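Here, each number is a calculation from the coordinates, and none is a lab measurement. As the structure is a prediction and not an experimental result, all values here were calculated from the model. Every residue, glycine among them, receives a Cβ derived from its backbone with ideal geometry; neighbour counts consider all protein chains shown.
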Amino acid sequence: MHFHERWRPITHLDKPVFKEMLTNTCHQGSVSLVLSHCFSRHLLHWNQLVECFGVPLMAVCIRKSKAFVCHLKSKIVFLDLVKQNSWSSSTKLLGKIQIGLNSRYPDDHFNGRGPFLSFRRLESTKARESLYIVTDTDENQVLEFPGGKVKLTPEMMFISESPHERAHCYHALDDNGKPIMGSSFVQVREDVAVKMYSDMVTLQTMDTIFYEAQRQGRISFYLTTVGEEAINIASAAALTIDDLVFPQYREPGVLLWRGFTLQEFANQCFGNKADYGKGRQMPIHYGSNKLNYITVASTVATQLSHAVGTAYSLKMDKKDACAVTYFGDGGSSEGDFHAALNFAAVMEAPVIFICRNNGWAISTPISDQFRSDGVVVKGQAYGVRSIRVDGNDALALYSAVHTAREMAVTEHRPILIEALTYRAGHHSTSDDSTKYRRADEIKWWRVARDPVARFRKWIEGNGWWDDEAETHIRDSARQQILHAIQVAEKVEKPPLADIFTDVYDVLPSNLQEQEQLLKETIRKHPQDYPPNVAV
Ligand SMILES: Cc1ncc(C[n+]2csc(CCOP(=O)(O)OP(=O)(O)O)c2C)c(N)n1
Ligand SMILES: [Mg+2]
């Protein structure tokens with residue numbers, strides 16, 4: 001038996017208080033000790049209680065309460081009694097119980113302020129009897145139920161709303177790009193690592209220049225990936241081109257990795273004739289049939305169920321590929337997330353859910369979105385294998401996604417990856433995040449936790465990168481992006497008629513009317529329409 005350092009053996013407790021409390025509760029008649037989260041850890045055995053308070057007292061207690069007998073018989077211990085560092089009266093104790101039961105915040109439960117013992121009066125004799133009977137017959141009774149045997153327990157024990165400890169976060173590199181001792185990671189070839197870093201730099205540069213282009217009024221909207229470059233590029237590097245990607249909108253790096261050219265990015269943002277969406281979508285809604293990248297949808301989280309359906313069809317067709325869907329913490333707050341996870345688990349669909357938990361859904365912090373330990377814990381609730389990863393650690397992400405892909409494809413199962421990161425930029429060009437979060441917080445993530453700088457240190461440490469290569473990639477990316485923008489700006493816009501194409505084979509009458517009306521309106525008010533758009 002061992003004791004957690006925050007706990008102490010019962011022999012150190014204030015015995016008179018404990019005795020008084022125990023006797024009082026026994027006199028009340030039916031007593032049920034509702035134990036807390038660490039109940040199953042057996043930190044204290046019932047015979048320690050006997051040892052501590054003597055057989056006579058225990059005998060009185062036992063005579064007074066059948067329920068108490070159940071507890072002793074099942075060798076369940078009064079763990080939470082020893083959790084407190086100091087306690088002086090049973091009144092204080094009950095006060096704490098009150099706080100605990102009403103507490104809305106999971107943390108209260110574990111930081112010494114929460115409940116350590118709950119008493120519950122069972123008003124119904126029937127309930128008490130059935131409680132007693134179950135225990136008396138066989139403490140190891142099980143219930144046969146679909147999915148496997150369920151152990152029966154005489155304890156009315158609620159599953160805690162939060163675990164004793166938060167789910168761990170897998171990492172491979174420290175903030176200085178040094179491998180973590182003992183960390184298991186998938187080996188990355190030099191050429192792959194160099195391309196990963198180069199693409200992260202290109203993505204950063206593209207964000208800076210496109211963001212400026214929006215500020216100058218040359219494009220209508222933009223949204224950066226600052227702070228999430230590693231999730232974009234490292235996950236893409238760990239997949240194969242046959243894996244179908246269902247993005248949210250902050251993952252253009254996956255397309256970049258797959259070979260979408262800077263000109264193609266610029267054409268989409270400028271909505272010109274070369275844009276595959278024919279200028280019918282807002283900037284950043286990229287898509288590519290060739291690169292198995294499904295077009296970005298504005299409606300948050302709708303892509304998740306599409307990914308699951310596709311994954312299921314890949315499995316039916318026995319393809320050596322999976323579906324991969326990206327979404328934010330905000331996306332996980334949508335109903336689609338829950339439906340998708342459940343469906344994927346039940347249908348055993350080879351899909352990887354990559355959640356970029358960046359702390360914010362526009363101005364809504366995660367603390368206002370969910371009370372769970374983030375997103376990763378939801379996987380197990382749905383029967384989905386899951387991992388939490390440091391989202392600013394490219395090597396850890398590469399390793400986790402690589403391994404997840406292997407499991408998804410060979411074992412036909414969904415995998416959930418929660419990448420912990422931070423949206424280091426504004427939500428989009430329509431947002432000013434300094435209105436709802438502290439500037440020093442943003443700065444800390446940008447500087448101390450920059451995923452690009454961390455990966456650079458690692459490849460430099462391996463002798464794969466130097467200052468000369470750095471200057472070259474930054475200059476070259478800048479030149480190419482500026483050139484792409486200049487070209488895209490000059491390309492003609494698609495004709496207005498394209499608004500009405502590609503959905504119906506034969507245009508319905510209401511849309512025909514709208515098309516006519518649009519043309520007439522432009523003829524009447526030509527000054528209100530761009531001259532370079534063919535009607
Ligand atoms: C169904 C739906 N609801 C609301 C919106 C408005 N909206 C656009 S982005 C966004 C926040 C999404 O946050 P998150 O999923 O965390 O992604 P992040 O922007 O942080 O990458 C919201 C609420 C939307 N586009 N679609
Ligand atoms: Mg978010």
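Starting from the stretch 457-523, pick out the GluC sites (Glu not before Pro) whose DSSP state is loop and whose Cβ has at most 13 other Cβ atoms within 10 Å.
Taking the stretch 457-523 and a limit of 13 other Cβ atoms within 10 Å, the loop GluC sites (Glu not before Pro) found are GLU492.
For the stretch 367-427, the Kirkwood estimate of the hydrodynamic radius, built from every pair of different alpha carbons, is 12.8 Å. Built from the Cα atoms of the stretch 330-433, the convex hull projects on average onto 6.8 nm², one quarter of its surface area.
So how much slack lies between SER430 and ARG166, counting 0.36 nm per residue of separation and subtracting their Cα-Cα distance, in nm?
91.6 nm
Pairs LYS443/LYS490; LYS290/LYS318; LYS195/LYS443: which are spaced more than 30 Å apart, C-alpha to C-alpha? Flagged as over cut-off: LYS443/LYS490.
Exposure proxy ranking for ILE485, ILE499, based on other Cβ atoms within 10 angstrom of each Cβ and starting from the fewest, stands as ILE499, ILE485.
Loop-resident chymotrypsin sites (Phe, Trp or Tyr not before Pro) (DSSP state other than H, G, I, E or B) in the stretch 138-209 with no more than 14 further Cβ atoms inside 10 Å of their Cβ: PHE158.
Restricting the GluC sites (Glu not before Pro) of the stretch 162-250 to loop positions (DSSP other than H, G, I, E, B) with no more than 16 neighbouring Cβ atoms within 10 Å leaves GLU165.
Local charge sum around ASP199 (other residues, Cβ-Cβ under 12 Å, Lys/Arg +1, Asp/Glu -1)?
Values: positive: LYS195, ARG258; negative: GLU229.
My count for the surroundings of ASP199 gives +1.
Once you divide the Cα radius of gyration of the stretch 257-401 by 2.2 N^0.38 Å, the number left is 1.13.
So for the pair GLN380, ILE522, with labels modelled 7 Å out along Cα→Cβ, what separation do we get in nm? Taking the two extended label points, one gets 5.8 nm. Quick one: plug the Kirkwood hydrodynamic radius of the stretch 190-490 (C-alpha pairs) into Stokes-Einstein at 25 °C, 0.890 mPa s, and report D in µm²/s. Estimated diffusion coefficient is 127 µm²/s.
Shape verdict for the stretch 424-491, please, from the Cα gyration tensor: rounded (a/c under 1.5), prolate (a/b greater than b/c) or oblate. Because a/c hits 1.5 or more and a/b fails to exceed b/c, the stretch 424-491 counts as oblate.
Taking a spot 7 Å from the Cα of GLU441 along the direction of its beta carbon, which residues of the stretch 316-342 have an amide N less than 12 Å from it? Residues passing the 12 Å test: none. What the Cβ-Cβ distance of LYS490 and SER184 gives, at R0 = 41 Å and to the nearest 0.05, is a FRET efficiency of 0.20. Neighbour counts of C-beta atoms inside 10 Å place ARG454, ARG258, ARG438 in the sequence ARG438, ARG258, ARG454, starting with the fewest. As a rough footprinting exposure proxy, the listed residues SER363, SER433 were ranked by other beta carbons within 10 Å of their own, and the order from fewest upward is SER363, SER433. Residues whose amide H lies under 5 Å from that of VAL389, counting only those 5 or more places away or on a different chain, are TYR170, GLU418, ALA419, LEU420; hydrogens are built 1.01 Å from N in the peptide plane.
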